Structures are given as C-alpha cells and as structure tokens.
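Below you'll find the structure, written out as structure tokens, and then a few comments.
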Amino acid sequence: MKELILASNNAHKVEEIKSILSDYNILTLKDINFTDEIIEDGLTFEENALIKARTISKYSGKTAIADDSGLSVELLEGRPGVYSARYSKEQTDAKNIEKVLSELDGKKSKAKFVSVIALVKPDGTELTFRGECHGEIISEQRGNNGFGYDPIFYVPSLEKTFAELSSDEKNSISHRKESLEKFSKFLKEENNEN
Ligand SMILES: O=P(O)(O)OP(=O)(O)OP(=O)(O)OC[C@H]1O[C@@H](n2cnc3c(O)ncnc32)[C@H](O)[C@@H]1O
Ligand SMILES: [Mg+2]
C-alpha cells in the first residue's frame, strides 16, 4: 500500500483523512517522532498547507501531505479564515465558536469551509488541491459529532449541522472530501502515466 506522511497535530482531521484516503497507509507526526511546532505564518490556506508539508518532507526525506483549513463567514468578510484554529484568545473550539457567534450578534450568515491539501515530494515537487463546502452559520449550536465549528455550520439541503452528521455522512460531502478527491485523482493519474 502506498505510504504518505500527514503533517497534522489535529486528531480529528487525521481521523477524517485516514477514513477518506482509505487506500493509503497514512503515517502521522508521532510515527516519525516529529515534536517541533510548525509556525503557520502564511496568509492563505495554500501557503500554510505548503509550509506544513514542506517542513515534514524535509524532515523525513519522504513525500508529505498537509491540510490547512478553516471557516470563511460572509458577513464577517471571510473571517476567521486562515486564523480559524486560533481565532479566540483561548484558542479552543468552544471559545472560537463563541467569538464567531458574538461577532454575528444573532444574525445568520452564508459561510463556507475550505480545505487545501498540499503535496510535497523530496524531489521538490509542490502541489495544492482545494475543496469547499457551502452552508450557513446558525445562532445556536446543534449536534455533538465532528470538531471545530461543526456545531454551528448548517447545511440547508440536509437540514442538519455538520455536528449532527455521522462521520461517514460528513466525509461524503465535506470540503476535506473534495480536496482529497482532487488529490487522489492526481496521484492515480500520475501513477498510470509512469
Ligand atoms: O495545522 P494542523 O496541525 O493540521 O491542525 P489545526 O487544527 O491547527 O488545523 P489548521 O491550522 O488547518 O486550522 C483549521 C481550523 O479550522 C477549523 N476547521 C477546519 N476544518 C474543519 C471541519 O471539518 N469542521 C470544523 N472546523 C474545522 C478548526 O477550528 C481547525 O482547528
Ligand atoms: Mg494548524
């Protein structure tokens, strides 16, 4: 089975990526004994995903992937965006949600989740793949599944928030599903050509 190193410290993300990329053997930072902090100081999801994958490809000498993702709320001019993980001073899911809801002040807003997967190979190849999922931010929290902003991200066509979906349901429609599908299509085409 093809092996990939995933540069992420987010256990929920790792679980989703392993489930969506079930044809691959995914190693994580623990498996390669990488314990340093990676500074995500890029201004776009693409830049931050590349920073993470590049660091780990260099460290391991192998092909690495990373996901940089976040929530973009229309009425908040795209915030929290690349700052999604560290939006509140406490940097916890609960406080991040509280800050978004307080900025919206009871208003509903269109929003999207974005996931960018970066692929970096030891030969210097660098590529990114973007997925988006559109929905709405609602003013109350619903559901206990998932992570991050899932309890306030409502999908009108399903009449549920991401946190009310099972992991299989979320993984079949999410931003991360779309970015990983583009990524695995690329890998398959590349392998057929060689
Ligand atoms: O950088 P790594 O180590 O992968 O883990 P992280 O949690 O810091 O990940 P990001 O820097 O990409 O920040 C993404 C944040 O965006 C939010 N987010 C991303 N995908 C999400 C999803 O599927 N559901 C809910 N929130 C999500 C959540 O707050 C994440 O912490
Ligand atoms: Mg991060």
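The values are calculated or read from the model by the stated rules, or taken from the named source; none is laboratory data. It should be emphasised that the depicted structure is a prediction, and the values quoted were computed from it without experimental measurement. All Cβ positions, even for glycine, are placed from backbone atoms using ideal geometry, and neighbour counts span all protein chains on display.
For segment 33-56, which positions are part of a loop (DSSP other than H, G, I, E, B) and either among the polar types (S, T, N, Q) or surrounded by fewer than 16 Cβ atoms within 10 Å (Cβ to Cβ) (or both)?
33, 35, 36, 37, 39, 41, 42, 43, 44
Can you tell me which residue in segment 89-108 is nearest to the chain's Cα centre (by Cα), limited to those that are within 16 Å of ligand 2 (Cβ to nearest atom) and buried (at least 17 other Cβ atoms within 10 Å of the Cβ)?
93
Closer than 24 Å to residue 173 by Cα, outside any helix (DSSP H, G or I), touching a strand residue (DSSP E or B) at 6+ places or on another chain (Cβ under 8 Å) and away from ligand 2 (no atom under 16 Å from the Cβ), is that true of residue 71?
no
Within segment 153-168, identify whether any single residue is within 28 Å of residue 5 (Cβ to Cβ) and either within 13 Å of the chain's Cα centre (by Cα) or modelled with pLDDT under 95 (or both), and answer yes or no.
no
Out of segment 89-102, which residues are within 10 Å of ligand 1 (Cβ to nearest atom) and either of a type in the set (D, E, K, R) or without any contact (Cβ under 8 Å) to a residue 24 or more places away in the chain (or both)?
Passing the criteria: 91, 92, 93.
Among the residues of segment 132-181, which ones are in contact (Cβ under 8 Å) with a residue 24 or more places away in the chain, among the hydroxyl-bearing types (Ser, Thr, Tyr) and under 14 Å from residue 113 (Cα atoms)?
149, 174, 179
Can you confirm whether residue 88 is outside any loop (DSSP other than H, G, I, E, B) and either at positive phi or modelled with pLDDT of 95 or more (or both)?
Judged against the criteria, residue 88 is not a match.
Could you tell me which of the residues 123, 67, 105 is within 15 Å of ligand 1 (Cβ to nearest atom) and modelled with pLDDT of 95 or more?
67
State which residue is farthest from residue 99 (Cα to Cα) when the search covers only segment 64-74 and only residues that are free of Cβ contacts under 8 Å to residues at least 60 places away in the same chain and of a type outside the set (Gly, Ala, Ser).
The extreme case among them is 68.
Just checking, which of 56, 5, 17, 38 is among the β-branched types (Val, Ile, Thr) and in contact with a Phe, Trp or Tyr (Cβ under 8 Å, 6 or more places away or on another chain)?
Criteria check complete, one pass: 56.
If only one of 22, 8 is buried (at least 18 other Cβ atoms within 10 Å of the Cβ) and at negative phi, which one is it?
8
Among the residues of segment 156-179, are any under 22 Å from residue 45 (Cβ atoms), in contact with a strand residue (DSSP E or B) (Cβ under 6 Å, 6 or more places away or on another chain) and of a type in the set (A, V, I, L, M)?
No, every residue in segment 156-179 fails to be under 22 Å from residue 45 (Cβ atoms), in contact with a strand residue (DSSP E or B) (Cβ under 6 Å, 6 or more places away or on another chain) and of a type in the set (A, V, I, L, M).
Can you say whether residue 37 is without any contact (Cβ under 8 Å) to a residue 24 or more places away in the chain and either within 18 Å of residue 178 (Cβ to Cβ) or within 10 Å of ligand 1 (Cβ to nearest atom) (or both), as far as the supplied structure shows?
Taking the combined requirement at face value, the residue satisfies it.
Between 82, 114, which is within 12 Å of ligand 1 (Cβ to nearest atom), under 16 Å from the mean Cα position of the chain (by Cα), at negative phi and part of a strand (DSSP E or B)?
114
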